[in-house]
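Asks: Quick one: structure below, then a few questions.
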């Protein structure tokens, strides 16, 4: 093998190692991003499960119970906001403790106390 050819082979190996190092660094960055996303989604899933459990509990309340709980209140790691939007409708919004991230929201219908029972 000629001296020129040996020098070229070393250069090719160095270039291959540089490309391999760049690829490995990019792969590690993608893996870190995936792990961060997975962690965030697990936290979000847990928050939605807690909010859903609270809304399921509130779904059993009568109109008087909802009326007595209007306004914001803290329930564990959540803030539950109940607002009367009519004689028979109550908006319920569940947010995180900062109040900026809406987790779940729904509207409950309850017959007013003056409505006849079936």
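Since every read-out is calculated from the coordinates, none of them should be taken as a lab result. Not measured: the values here are computed from a predicted model. Cβ coordinates were reconstructed from backbone atoms using ideal geometry, including for glycine residues, and neighbour counts include every protein chain displayed.
Asks: When the helices in the chain are scored as -39500 (n - 2.57) per DSSP H run of 4 or longer and the sum is shared across all residues, what 222 nm value do you end up with, to the nearest 500 deg cm²/dmol?
Replies: -19000 deg cm²/dmol
Asks: Continuing with this model, one more query. Give the angle, between 0 and 90 degrees and rounded to the nearest 10, that separates the Cα long axis of helix 3-58 from the longest principal axis of the Cα atoms of the chain.
Replies: 10
Asks: Rank the residues 39, 69 as a footprinting-exposure proxy: fewest other Cβ atoms within 10 Å of their Cβ go first.
Replies: 39, 69
Asks: Same structure, new question: How long are the semi-axes of the equivalent ellipsoid of the stretch 3-109, defined as square roots of 5 times the Cα gyration tensor eigenvalues? Whole Å, largest first.
Replies: Equivalent ellipsoid semi-axes, largest first: 60, 10, 9 Å.
Asks: Would you order 109, 90 from fewest to most other beta-carbon atoms within 10 Å of each residue's own beta-carbon?
Replies: Lowest to highest Cβ neighbour count: 109, 90.
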